[in-house]
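What follows is calculated from the coordinates using simple rules that are stated; it is not laboratory data. Just so we're clear, the structure is a prediction, and the values are computed from it rather than from any experiment. Glycine gets a Cβ as well: all are built from the backbone with ideal geometry, and neighbour counts include every protein chain shown.
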Number of protein chains: 2
Amino acid sequence: MSGKLNATCFGCQVRHSTEWCALNDEELALLDGIKIPKAYEAGTTLFHQGDDCDGIYCMSSGLVGVRRLDAAGNSTLVRLCGPGETIGYRSFLKKSGHRSTAEIMMPSVVCFIRRTTVRTLLEQNPNLGLRFLDHTLKDAEEFEDRHFESVTFTVRSRLLSLLMVLYERFGQLNENGEPVLELPISRQDIAALIGASPETISRSIGAVQDEGLAQFRGRKVLFHNLDAVLQQLPAA
Amino acid sequence: MSGKLNATCFGCQVRHSTEWCALNDEELALLDGIKIPKAYEAGTTLFHQGDDCDGIYCMSSGLVGVRRLDAAGNSTLVRLCGPGETIGYRSFLKKSGHRSTAEIMMPSVVCFIRRTTVRTLLEQNPNLGLRFLDHTLKDAEEFEDRHFESVTFTVRSRLLSLLMVLYERFGQLNENGEPVLELPISRQDIAALIGASPETISRSIGAVQDEGLAQFRGRKVLFHNLDAVLQQLPAA
DNA sequence: CGTCTGGTTGATCTAGATCAACAGGAGTGG
DNA sequence: CCACTCCTGTTGATCTAGATCAACCAGACG
């Protein structure tokens, strides 16, 4: 229930990184009047795998995790979405049900935009469609790359790579000017995201720590040598 | 240099499964006059990874393999494209260079459509854009699924799965009415496609054979029990 | 207090990679 | 015709990353 809830799209900090930057003022006003912003607590969900897609979600702040159920029924985290990202747009475009579950990972403000609204905007402004196309292309590439990586790279590499991605989004400098990262997700989720067992992640973290690259205490990570980590990353 | 080379888009057998089915007769006539059909020998390439994207390719017949170079410089087969499939459209849409190399795997007839032509058609007919969007969405999903599979499934499962995909496209019934498949690619390529070493593939094939599911002689595969194979496939 | 959940650690197991030798064509050249 | 190399595939022996199983620990929470 933060003040952000009352903010308009015009004032939205993250708008310029979203699809909606294709809209003109008039269209933005329409969107602004009709969008449904809402604050969510951690642990709640936006939608479930299999649900009909009634519209799309646009993240203003916070973090949501996208999970998918495998055949055996265990859900695994497949991706994270932060501020400025649009969620559920592929199901919307495909006019199909959601292929995954979107779960709030930390307190978040998310705007919901009804299916009909999006459709209207799409008809009015072809540029918006192009933005969505761009986004889809990026997604396809990302999955293509990740597929490639998961066969080629070792767990350790993927772990370091994930840490860097998270650092970009959540990293800070502490009072001593050292780079620190407060992990937003559990080790189990890290394991799922990387495609490894929790035990292996635990050991892998231990190894990274032993090498002096970083220090892990609970969910706090202190990097002793960020450059060294970056150098160890595969070309990608 | 088959007769197909002179055929028009109107007579194209595979048109209905391509993006171009969105075109009306007038647009199709334009495309027909300006497209550049060509017959390729096996071993030649349509374009190389890193090349600028001058247009897109539409397969009329044959088979092309899409290969990608990893950091170490070895190229691995990442997908196969058959009749009716459009190649290189994502690089075109992204206005970026090609991310992979397209190599002719068997004698093929492929039509080339210049960038400018596609752009003109896209401007004339928004439905065409939607088709491309659809295709991209499908691609994204496919990669998403494959990523999922490659972590979850065993090499054997993936091999059987690939065999079934190939059977759908190249399978036939022999004189005894038994299902047979002439493999269009080498074992090494099978290995790359599945993400395993050639040796493992060889052994895996041996195992499948020992179980009596199929018989391999060179590139010929004789299925003794197609249903049994299908039953062993993971849910996907 | 007990109970639960998330995490760590140790012991063991296994799918698959890697290394190495070898066998069957398919040319190619004498 | 044989000898040579080159290429693809098979097979065997060995190695290893990571999974699995199991015990255990530390907070959180009733």
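Could you compute the net charge surrounding residue A:153? Neighbours are other residues with a C-beta less than 13 Å from the C-beta of residue A:153; K and R count +1, D and E count -1. If you can, show how the numbers build up before the last one.
Working: positive: A:146, A:156, A:158; negative: A:145, A:149, B:70.
Around residue A:153, the surrounding residues sum to 0.
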Hypothetical label at residue B:138: residues of region A:80-105 whose amide nitrogen lies under 18 Å (7 Å Cα-Cβ projection): A:90-97
Rg and Dmax of chain B, Cα atoms only, in Å: 19.2, 57
Ascending list, in nanometres, of distances separating the residue B:33 label from those of the other copies (7 Å, Cα toward Cβ): 4.7
Dimensions (Å) - the protein assembly as shown, Cα atoms, principal axes, largest first: 74, 56, 40
Separation in nanometres of the label points that stand 7 Å from Cα toward Cβ, at residue B:25 and residue A:170: 6.1
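Going through region A:151-236, which trypsin sites (Lys or Arg not before Pro) have at most 14 other Cβ atoms within 10 Å and a DSSP loop state?
Values: sites: A:156, A:158, A:169, A:187, A:203, A:217, A:219, A:220; in loops: A:219.
Sites meeting the loop and neighbour criteria: A:219.
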Cα→Cβ-extended label distance, 7 Å offset, between residue A:13 and residue A:120, nm: 3.0
Distance (nanometres) between label positions extended 7 Å along Cα→Cβ at residue A:226 and residue B:203: 4.5
For chain A, the longest site-free run once GluC sites (Glu not before Pro) in DSSP loop states with at most 16 other Cβ atoms within 10 Å are removed: A:42-174
Residue (of B:224, B:205, B:186) at the positive-pole extreme of region B:153-232, dipole from beta-carbon charges: B:186
Inter-copy spacing of residue A:206 label points, which lie 7 Å from Cα along Cα→Cβ, given in nm from shortest upward: 3.6
Amide H partners (placed H, <5 Å) of residue A:215, local residues excluded: A:222, A:223, A:224
Helix axis angle, B:126-152 relative to chain B longest principal axis, alpha carbon, degrees: 20
For chain A, built as a Gaussian network whose Cα springs stay under 10 Å, the top-fluctuating residue of A:130, A:122, A:173: A:173
Computed P(r) (all Cα pairs; region B:3-143; 10 Å bins; percent): 12, 43, 36, 8, 1
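Just counting partner chain Cβ atoms within 10 Å, what average do the residues of peptide B:96-103 show around their Cβ? Don't skip to the answer; put the middle values down first.
Numbers: counts 2, 0, 0, 3, 1, 0, 0, 0.
Mean partner-chain Cβ count within 10 Å for B:96-103: 1.
Please sort by residue number the chymotrypsin sites (Phe, Trp or Tyr not before Pro) in region A:64-133 whose DSSP state is loop and whose Cβ has at most 10 other Cβ atoms within 10 Å.
Numbers: sites: A:89, A:92, A:112, A:132; in loops: none.
Answer by residue number: there is no such site.
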GNM top mover of B:126, B:198, B:83 - chain B, alpha-carbon springs below 10 Å: B:126
Nearest-first distances (nm) between copies at residue A:119, label 7 Å from Cα via Cβ: 3.3
Long-range amide H partners of residue B:84 with built H, under 5 Å: B:59, B:60
